[in-house]
Amino acid sequence: MNFMAFPMAQIRAMQPSELAATFGIDGTPSGRGNLYRIDIPASTKFLRKNTLCGDEDTEWLATYVSGHYLQLAFFSGAKMPVFTPEAIGNSTDLCGVYAYAR
């Protein structure tokens, strides 16, 4: 991101129900996704001095890929996020969801 390198480790593949809850997908997702452990310090500034999780370190990344479409969800917090509709809806660790299309 922004030509910066960050430590990143793939933890596991995400289940279709987890993808649907995290990325607001109606029905069964047609793509696949993974959960990654990352380490992006809160002090890291991107374009226009933006951060990913405010004053908290970014520690988790969930991805969803379907065709030419990519979605990313960033989370703070040391504990692995819970990927149910209720947990995502009430999460204070979800920093943001971003979508990209090619």
³J(HN,Hα), Karplus 6.51/-1.76/1.60, whole Hz, each residue of segment 55-68, x for Gly, Pro: 9, 10, 5, 8, 10, 9, 9, 10, 10, 9, 10, 9, x, 9
Only Cα pairs under 8 Å and at least 6 apart count here; give the relative contact order of segment 8-101 as a rounded whole percent. 26 percent
Residues with amide H under 5 Å of Trp60's amide H, sequence separation 5 or more or different chain, H placed in the peptide plane at 1.01 Å from N; which? Ile38, Phe75
What ³J(HN,Hα) values, in whole Hz, does the Karplus curve 6.51 cos²θ - 1.76 cosθ + 1.60 give for segment 80-90 when θ = phi - 60°, with x put for Gly and Pro? 4, x, 9, 10, 10, x, 5, 5, 5, x, 9
In Hz, Karplus ³J(HN,Hα) per residue of segment 38-50 (6.51, -1.76, 1.60; θ = phi - 60°; x = Gly, Pro): 10, 9, 10, x, 4, 6, 6, 10, 9, 3, 6, 6, 6
By Cβ neighbour count within 10 Å, fewest first, Met8, Met80, Met14 rank Met8, Met80, Met14
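Here, each number is a calculation from the coordinates, and none is a lab measurement. In this text, all values refer to a predicted model and were calculated from it rather than measured experimentally. We place every Cβ from the backbone using ideal geometry, glycine too, and count neighbours over all the protein chains shown.
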